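Following: one structure in structure tokens, then a few remarks.
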Amino acid sequence: MRHLGLISGADTSGRLDALFVNAPLRDYGLRPRTNDYTLPVLGMAYIATYAQRCGFNVGVLDAEAHGLGIKQTAEIVNEIGPRWAAMNLLAPTYEMSARIAEHLDPGIALMVGGHHAKAMPDRILKDPRMRSLRALVLGEGELRVAELLKDERRRADLPNILWRDPLLGTHNLGRGDPKESARLLGPDINALPYVNRAFLPQDPYRAAPTPTDRRIAQSRGGDWLTTAARDGHMEANIVGSRGCPYNCTFCGAAWSANKDVKIRVRSPQNIIGELDELHDEYGVTCFRFVDDLFLGVRDVIHEHMRAFAEQRIGERYVWDATGRINVLDRLSDSDLDVLVGNGLREVALGIESGSDSILDAMDKRITAEMTERVAHRLMRHGIGVKGYFILGFPGETREDLDATVQHIRNLWDIADRNPGDLRASVFEFRPYPGTPVWETLTAAGHDPDTLLAYGDVDLTADGADESMRQRDEFNFSVGIQFGGVPLGDIRSTLAMLTREQHQRNQPTAEAAA
């Protein structure tokens, strides 16, 4: 077969029980991708790893990572001919997934899951392009997917699995044994196997050195840090927890959209075991915690940092993590010193806006002043900050937008005066089904079909050109003006800020030396 090299993790000498397909963000058969890296599909890899441990021959086809088009992706699945094709459905890529499904061989059974499947199951079950759909899995899938691979007829005995009766046209829901449901829906994340990285074509990966790497090497010394500052780290993405206790109105992880998800944090020993395994097998020295909120509960932070200190993690690795501004605001300077000593390199923060009225509308439970205070303290300790910002949120006025631009510039100024850096990552608002703001917009009369009409946006006309590289996965829109600022102005502001951040990312001759 011509495309076996694109299938990750499977034994391709025999028939696959399941091929997990990550749809491309857009049809690269029409316009090739420009970025050369995308975040790994860790959730899909967790499910594939568990199924493999249960004895099934499974693989991953990451069409986004390989830059595949719709037609080519479907052709590869049909060529491989697995018993099951499985897709994670996300709102911005649902059309890509549905078009792939439409072209699959009818003899291949289809299962789907993901945020979009959970938010709009009835709509998906009615989609004629999903004619081969035999299981729609709501929520965490590891245990139930393995059960489906054992015997499709078990779906009626498994909780929160939907399917369509092709004869009666009805939708059916598996119920399951109540005693087993909790275990199947919320698996013990400390008992799950570590992700088999063979399922991830771009993880671990060699990352270019950052200014923070050079600063850490100068301050801490050590041969491995000096080498990383020169050549870059071997990096890997990792999940330290599942679930989020907050209800940010725009976020698919908001607790109100995931009431079935019990918040669970991996034990520090379990996490450290994976860090060491990845180092021993791949030489990884930098880790990125990409779960919804790793540094989000003060007591959990203290517990993990005690274990990290006992295992001397900071002497061996560096790591980046997601954090919550109002939680970090309550940490003492000594707490921040402990984080630095344990290897923390950068914190990703959902800053979102410089306007307190928009932050209130987002239910962020922070203020712009709090953000600047926290960012200042982090950067003063040498911890980098990656700030995420949303432009064009419903109700945003010109004054709100100007406040966000000024907020970013204030944070850049703080970074220029401190050891830590600030990276601003700016996005145009787009609504996701199932989120609180989606409910608000549809209640106000917005048509769901219009809200779901995601399309990619080319910002190079605003001079973004090379600064937009690596952002293929973020430049999309539903083309609706939700606030008081015209879309053209939103996009030109986004391009301006992205271009300026790109310029800040370029190493100076002094830093490069």
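The values are calculated or read from the model by the stated rules, or taken from the named source; none is laboratory data. On a predicted model such as this, the values are computed, not experimentally measured, just so you know. Neighbour counts run over all protein chains shown; Cβ positions are idealised from the backbone, glycine included. Accessible surface areas use protein heavy atoms only, side chains included; no ligands, DNA or RNA. Shrake-Rupley method; radii C 1.70, N 1.55, O 1.52, S 1.80 Å.
Selection of segment 20-52 for residues being open to solvent by less than 10 Å² (accessible area, probe 1.4 Å) and acidic (Asp, Glu) yields an empty set. You will find that of GLY273, GLY243, GLY232, the residue that is under 17 Å from the mean Cα position of the chain (by Cα) and among the small types (Gly, Ala, Ser) is GLY243 and no other. Pairs are defined by a Cβ separation below 9 Å, a sequence spacing of at least 6 or placement on different chains, a first member in segment 95-111 that is on the phi > 0 side of the Ramachandran plot, and a second member that is outside any loop (DSSP other than H, G, I, E, B) and of a type in the set (Ser, Thr, Tyr); no pair meets this definition.
If you go through segment 130-146 and keep only what is open to solvent by less than 50 Å² (accessible area, probe 1.4 Å) and either without any contact (Cβ under 8 Å) to a residue 12 or more places away in the chain or over 25 Å from PRO193 (Cα atoms) (or both), you end up with MET130, SER132, LEU133.
Scanning segment 223-243 for residues that are outside any helix (DSSP H, G or I) and either touching a residue at least 40 places away in the same chain (Cβ under 8 Å) or over 14 Å from VAL318 (Cβ atoms) (or both) turns up HIS233, MET234, GLU235, ALA236, ASN237, ILE238, VAL239, GLY240, SER241, ARG242, GLY243.
Yes/no per residue for (1) in contact (Cβ under 8 Å) with a residue 40 or more places away in the chain; (2) over 26 Å from ARG306 (Cα atoms):
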site: LEU331; (1), (2): no, no
site: LEU339; (1), (2): yes, no
site: SER355; (1), (2): yes, yes
site: MET362; (1), (2): yes, yes
site: ALA368; (1), (2): no, yes
site: LEU391; (1), (2): yes, yes
site: GLU399; (1), (2): yes, yes
site: ARG409; (1), (2): no, yes
site: ALA424; (1), (2): yes, yes
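Taking the criterion of being closer than 30 Å to ILE189 by Cα, touching a residue at least 24 places away in the same chain (Cβ under 8 Å) and of a type in the set (Gly, Ala, Ser), would at least one residue in segment 63-78 satisfy it? Looking for residues that are closer than 30 Å to ILE189 by Cα, touching a residue at least 24 places away in the same chain (Cβ under 8 Å) and of a type in the set (Gly, Ala, Ser), one finds at least one in segment 63-78, hence yes.
Looking only at residues of segment 1-47 that are touching a residue at least 24 places away in the same chain (Cβ under 8 Å) and among the polar types (S, T, N, Q), we find that the one that is farthest from ASP291 (Cα to Cα) is THR12.
Put simply, of ARG155, ARG164 the only residue that is farther than 21 Å from GLU439 by Cα, surrounded by 17 or more Cβ atoms within 10 Å (Cβ to Cβ) and touching a Gly at 6+ places or on another chain (Cβ under 9 Å) is ARG155.
Scanning segment 65-95 for residues being surrounded by fewer than 23 Cβ atoms within 10 Å (Cβ to Cβ), within 24 Å of the chain's Cα centre (by Cα) and in a loop (DSSP other than H, G, I, E, B) gives a total of 3. One residue stands out among those in segment 459-496 that are part of a loop (DSSP other than H, G, I, E, B) and modelled with pLDDT under 60: the one that is least open to solvent (accessible area, probe 1.4 Å), which is ALA464.
Condition first: on the phi < 0 side of the Ramachandran plot and surrounded by fewer than 23 Cβ atoms within 10 Å (Cβ to Cβ). Now tell me which residues in segment 53-64 satisfy that.
Filtering segment 53-64 for residues on the phi < 0 side of the Ramachandran plot gives 53-54, 56-64.
Result: ARG53, CYS54, PHE56, ASN57.
On the stretch given as segment 309-334, residues that are buried (at least 20 other Cβ atoms within 10 Å of the Cβ), assigned to a helix (DSSP H, G or I) and either out of contact with any Phe, Trp or Tyr (no Cβ under 9 Å at 6 or more places or on another chain) or among the basic types (Lys, Arg) (or both) total 2.
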